[in-house]
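Novice: Got a structure for you, questions after.
The values are calculated or read from the model by the stated rules, or taken from the named source; none is laboratory data. Small disclaimer: the values here were computed from a predicted structure and weren't measured. Neighbour counts are summed over all protein chains in view; Cβ atoms, including those assigned to glycine, are modelled from backbone coordinates with ideal geometry.
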Amino acid sequence: MNILLLGSGGREDALAWRLRQSPSCEALVAAPGNPGIARWAECVQADPSDPFAMTELARERAIDLVVIGPEAPLVAGVGDALRNAGFKVFGPNAEAARLEGSKGFTKDLCWANKIPTASYVRVDTALAATAALDGFSLPVVIKADGLAAGKGVTVATTREEAEAAIAAAGDGAMVIEDFLVGEEASLFALVDGETAIALASAQDHKRVGEGDTGPNTGGMGAYAPAPVLTPELQERAMEEIIRPTARAMAAQGAAYSGVLYAGLMLTADGPKLIEYNARFGDPECEAIMPLIDGDFAELLMAVARGRLQSIEPPKLLPRHAMTVVVAAKGYPGQPAGGGAIRAVEAAEQVEGVTVFHAGTTLADGALAASGGRVLAVTAVADTFAEARARAYRGVDAIDFADGFHRRDIGWRELERGAATPEGSAE
Ligand code: AMP
Ligand code: GLY
């Protein structure tokens, strides 16, 4: 089949890499892609959030399947436009993408369907938000309703902090909710209408600094699977959270199709939903792709065709993967672009390592940084500890003076006593 992949980040580089290995993938086109994706796909300079441009491109290239990577095209209705034009699409329509686009919508859906999540109120003005604080104990969580790239959430430990967050947000739709205590894990499920199958779990590291300190980012590193989400807890999350959500969306005429990413808090009372995303996580996707067995393109096509129920469930290799993000200094603030990146090839000489490109550009044939998150160095191995060791060997081989990374990705697993690599004296 001919596949069109939308997006330009590390997530899309990993998707392109995995799709390219699928026997059923004949041609792979990416819009707009990046220098990493260009290793596996033909990159076409076009706006992935422009429904008309994407429909035209799909027609021109006789595309059989469109895979939508990021949330912006989903929320902009690119999936709807392509489906209306007769194309098969992996990724939900705009109405179903509201599970990510509106926190208030998702909270109401959870409440109406008894899906475990933090208690909350929805408000539309700063005055109402401040008044609503009286009903919550501290810490309290304040969230802007719409897409905010992970920056619209404040966990306030004092009343003053809560009021300051509300004042900074100004008038506009907000959700105020209880603080959940526990460990976070991400669950990725394939959903087509009322059918939902677990694909993989992962654990992200959202804060910029070691020891999970400093501001939130899109994610500084991830590993898969997440052992903390045991098979029992995963099945519970599928049964209590994902499947009721799929049924509720279908019942309201907004059937979901694509990957549904649940950010979970594993509380003492079981898994609770923190938020949904209508796409793969980034960098979780980079850590999941090396673990997927079988023909990945066929799997995504089965979801796009609404045939998830009639295929063999997806299988994961019994291995471990870790992704360490190398970001440009200044991230998640305004990073200085243009820093030279060398020796990516040396990193890929390390066994099991693939370097996905998140924010790179080619200037006169030389690789340079062009974004906050620049590289997603990913390693796969038979054990967690070996995957981690390989990932950092890869990171250390790269020459990127303007970059930085966290040295403690996977610290929770280490603390839990993940075995050190065989033959290592650590
Ligand atoms: P979100 O954008 O909703 O995923 O929130 C960003 C981060 O804020 C999450 O990954 C959590 O670490 C934290 N967070 C959000 N909501 C809650 C909550 N109700 N209780 C505890 N932490 C939360
Ligand atoms: N890594 C978090 C996200 O993709 O939203």
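Novice: Return the residues of segment 308-357 that are of a type in the set (Lys, Arg) and in contact with a helix residue (DSSP H, G or I) (Cβ under 8 Å, 6 or more places away or on another chain); say none if nothing qualifies. Before the answer, list the steps.
Specialist: Going through segment 308-357, the residues of a type in the set (Lys, Arg) turn out to be 315, 319, 329, 342.
Within segment 308-357, just Arg319 meets the criteria.
Novice: Turning to a different aspect of this structure: For segment 209-222, enumerate the residues that are charged (D, E, K, R) and either in contact with a Cys (Cβ under 8 Å, 6 or more places away or on another chain) or more than 13 Å from ligand 1 (Cβ to nearest atom) (or both). Lay out the reasoning, then the answer.
Specialist: Of segment 209-222, the ones charged (D, E, K, R) are 210, 212.
Matches in segment 209-222: Glu210 only.
Novice: Give me the pairs: first residue in segment 173-186 and farther than 7 Å from Arg122 by Cα, second residue away from ligand 2 (no atom under 16 Å from the Cβ) and of a type in the set (Phe, Trp, Tyr), beta-carbon distance under 7 Å, and six or more apart or on different chains, which are they?
Specialist: Between residues of segment 173-186 that are farther than 7 Å from Arg122 by Cα and residues that are away from ligand 2 (no atom under 16 Å from the Cβ) and of a type in the set (Phe, Trp, Tyr), the close pairs are Glu177/Tyr120; Asp178/Phe136.
Novice: Could you tell me which of the residues Gly218, Gly209 is among the small types (Gly, Ala, Ser) and closer than 18 Å to Glu100 by Cα?
Specialist: Numbers: Gly209 fails: closer than 18 Å to Glu100 by Cα.
Result of the check over Gly218, Gly209: Gly218.
Novice: Residue check: is Thr158 of a type in the set (S, T, N, Q), more than 24 Å from the chain's Cα centre (by Cα) and away from ligand 2 (no atom under 15 Å from the Cβ)?
Specialist: On the way: of a type in the set (S, T, N, Q): yes; more than 24 Å from the chain's Cα centre (by Cα): yes; away from ligand 2 (no atom under 15 Å from the Cβ): yes.
Here the answer is yes, as Thr158 does meet what is asked.
Novice: Still on this structure: I'd like the full set of residues that are in a strand (DSSP E or B) and over 16 Å from Gly221 (Cα atoms), limited to segment 335-382. Talk me through it step by step, then tell me what you get.
Specialist: Going through segment 335-382, the residues in a strand (DSSP E or B) turn out to be 340, 342, 353-357, 360-363, 366-369, 373-381.
Scanning segment 335-382 gives Ala340, Arg342, Thr360, Thr361, Leu362, Ala363, Ala366, Leu367, Ala368, Ala369, Ala381.
Novice: Given the criteria within 30 Å of Asp108 (Cβ to Cβ), of a type in the set (A, V, I, L, M, F, W, C) and away from ligand 2 (no atom under 16 Å from the Cβ), does Ala304 qualify?
Specialist: Details: within 30 Å of Asp108 (Cβ to Cβ): yes; of a type in the set (A, V, I, L, M, F, W, C): yes; away from ligand 2 (no atom under 16 Å from the Cβ): yes.
Taking the combined requirement at face value, the residue satisfies it.
Novice: Separate question: Exactly one of (1) of a type in the set (Val, Ile, Thr); (2) surrounded by 18 or more Cβ atoms within 10 Å (Cβ to Cβ); (3) over 13 Å from Ala173 (Cβ atoms) is unmet by Thr130. Its number?
Specialist: Every condition holds for Thr130 apart from (2).
Novice: One residue is enough: does segment 29-36 have a residue meeting the conditions surrounded by fewer than 23 Cβ atoms within 10 Å (Cβ to Cβ), under 21 Å from the mean Cα position of the chain (by Cα) and of a type outside the set (A, V, I, L, M)? Before the answer, list the steps.
Specialist: Of the residues in segment 29-36, the ones surrounded by fewer than 23 Cβ atoms within 10 Å (Cβ to Cβ) are 29, 32, 35.
When the remaining residues are screened for being under 21 Å from the mean Cα position of the chain (by Cα), the result is 32, 35.
Adding the requirement that they be of a type outside the set (A, V, I, L, M) leaves 32, 35.
Within segment 29-36, one or more residues are surrounded by fewer than 23 Cβ atoms within 10 Å (Cβ to Cβ), under 21 Å from the mean Cα position of the chain (by Cα) and of a type outside the set (A, V, I, L, M).
Novice: Please go through segment 81-95 and pick out each residue that is out of contact with any strand residue (DSSP E or B) (no Cβ under 7 Å at 6 or more places or on another chain) and within 21 Å of Ala189 (Cα to Cα).
Specialist: Taking segment 81-95 and keeping what is out of contact with any strand residue (DSSP E or B) (no Cβ under 7 Å at 6 or more places or on another chain), we get 81, 84-86, 93-95.
Answer for segment 81-95, where residues must be out of contact with any strand residue (DSSP E or B) (no Cβ under 7 Å at 6 or more places or on another chain) and within 21 Å of Ala189 (Cα to Cα): Asn93, Ala94, Glu95.
Novice: Would you mention how many residues in segment 188-208 are touching a helix residue (DSSP H, G or I) at 6+ places or on another chain (Cβ under 9 Å) and either within 13 Å of ligand 1 (Cβ to nearest atom) or small (Gly, Ala, Ser) (or both)? Write out each step before concluding.
Specialist: Of all residues in segment 188-208, those touching a helix residue (DSSP H, G or I) at 6+ places or on another chain (Cβ under 9 Å) come to 188-205.
This time we only want the ones that are either within 13 Å of ligand 1 (Cβ to nearest atom) or small (Gly, Ala, Ser) (or both), so: 189, 193, 196, 198, 200-205.
Number of matching residues: 10.
Novice: Which of the following residues is more than 16 Å from ligand 1 (Cβ to nearest atom), surrounded by fewer than 24 Cβ atoms within 10 Å (Cβ to Cβ) and touching a residue at least 12 places away in the same chain (Cβ under 8 Å): Arg20, Arg11?
Specialist: Numbers: Arg11 fails: surrounded by fewer than 24 Cβ atoms within 10 Å (Cβ to Cβ).
Arg20 is the lone residue from the list that is more than 16 Å from ligand 1 (Cβ to nearest atom), surrounded by fewer than 24 Cβ atoms within 10 Å (Cβ to Cβ) and touching a residue at least 12 places away in the same chain (Cβ under 8 Å).
Novice: Going residue by residue through segment 391-399, is there one that turns out to be touching a strand residue (DSSP E or B) at 6+ places or on another chain (Cβ under 7 Å), surrounded by fewer than 18 Cβ atoms within 10 Å (Cβ to Cβ), part of a helix (DSSP H, G or I) and modelled with pLDDT of 95 or more? Even if it seems obvious, please write down each step before you answer.
Specialist: From segment 391-399, those touching a strand residue (DSSP E or B) at 6+ places or on another chain (Cβ under 7 Å) are 391-392, 394-395, 398-399; that's our starting set.
So of that shortlist, the ones also surrounded by fewer than 18 Cβ atoms within 10 Å (Cβ to Cβ) come out as 399.
Going one step further and asking which of them are part of a helix (DSSP H, G or I), we end up with none.
No: zero hits.
Novice: Quick one: Glu232 ticks every box in (1) in contact (Cβ under 8 Å) with a residue 40 or more places away in the chain; (2) more than 24 Å from Arg98 (Cβ to Cβ) except a single one, so which number is it?
Specialist: (1)
Novice: From the list Val140, Val191, Val175, pick out the single residue that is in contact with a Phe, Trp or Tyr (Cβ under 7 Å, 6 or more places away or on another chain), away from ligand 2 (no atom under 16 Å from the Cβ), hydrophobic (A, V, I, L, M, F, W, C) and within 30 Å of Pro313 (Cα to Cα). Before you say what the answer is, go through the steps one by one.
Specialist: Details: Val140 fails: within 30 Å of Pro313 (Cα to Cα); Val175 fails: within 30 Å of Pro313 (Cα to Cα).
Answer to the check: Val191.
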